[in-house]
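Remarks on the structure that follows.
Read-outs: derived from the displayed coordinates by stated rules, not from any lab. Everything numeric here is computed off the predicted structure, so don't read it as measured data. Every residue, glycine among them, receives a Cβ derived from its backbone with ideal geometry; neighbour counts consider all protein chains shown.
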Amino acid sequence: MKLLTKFRPGERVYKIDYRIKEALTECPECEGARWVMLKTKEYPCPACHGTGKLVLTKHYRWEVNPKSHKIIGISARVAIDDPEELVTRLKNVITAVSYTLSFDPDKEWSEHSLFLRMDSATLECERLNNELDRQEAQREKYEKQEARAA
Ligand SMILES: [Zn+2]
């Protein structure tokens with residue numbers, strides 16, 4: 001069988017990652033000091049767990065990793081599309097192709113998260129982030145409707 005892949009071994013690719021972006025605010029309990037007095041002893045603030053900050057908002061964002069990485073391995077999972085008709089119609093279907101990159105040989109990455117060009121990776125991040133924004137707006141709208149109904 002012939003395996004068609006999006007990338008070839010040795011090519012350099014840009015990876016996109018899913019990251020949590022948090023907006024922080026100073027903890028109102030300890031006023032950012034991270035410790036609180038109980039009787040005569042100081043303890044880590046229970047409101048902020050000793051960090052001095054509270055999470056105001058949490059956002060998930062797709063970002064391009066600015067460093068490109070070399071592809072050092074390709075693996076494909078292949079399945080038979082119809083096991084009942086093996087004799088009459090033997091057809092292999094590639095269900096997933098994943099790539100090993102030089103910087104972390106123990107991990108595999110889906111081809112959806114890798115790009116040959118930085119600008120294609122950036123465009124895909126914009127598309128995915130717009131989709132996240134759309135979902136968030138929809139969730140907020142839904143929550144407002146729920147609040148009104150209650
Ligand atoms: Zn605190």
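Which peptide among 34-41, 55-62 comes first, and what is the full order, when sorted by highest mean count of other Cβ atoms within 10 Å?
55-62, 34-41
When the Kirkwood radius is taken over all Cα pairs of the chain, what Stokes-Einstein diffusion coefficient follows at 4 °C and 1.567 mPa s, in µm²/s?
Result for D is 64 µm²/s.
Over the chain, what is the mean sequence separation of C-alpha contacts under 8 Å (at least six apart), divided by residue count, expressed as relative contact order in percent?
25
Note down the nm distance, to one decimal, between modelled labels 7 Å out along Cα→Cβ at residue 122 and at residue 35.
So the label points at residue 122 and residue 35 sit 4.7 nm apart.
Give me the distance in nm between label points sitting 7 Å out from Cα along the Cα-to-Cβ direction at residue 146 and residue 79, one decimal.
Each label point lies 7 Å from its Cα, and together they span 3.3 nm.
Once Lys and Arg get +1 and Asp and Glu get -1 on their Cβ, which of 129, 96, 112 lies farthest toward the positive end of the dipole of region 89-150?
96
Please return the longest range in the chain lying between exposed loop sites, taking GluC sites (Glu not before Pro), DSSP loop only, at most 15 other beta-carbon atoms within 10 Å, and leaving the sites out.
32-150
Only sites in a loop by DSSP and with at most 14 other Cβ atoms within 10 Å count here; which chymotrypsin sites (Phe, Trp or Tyr not before Pro) in region 99-150 make the cut?
Hits after loop and neighbour filter: 103.
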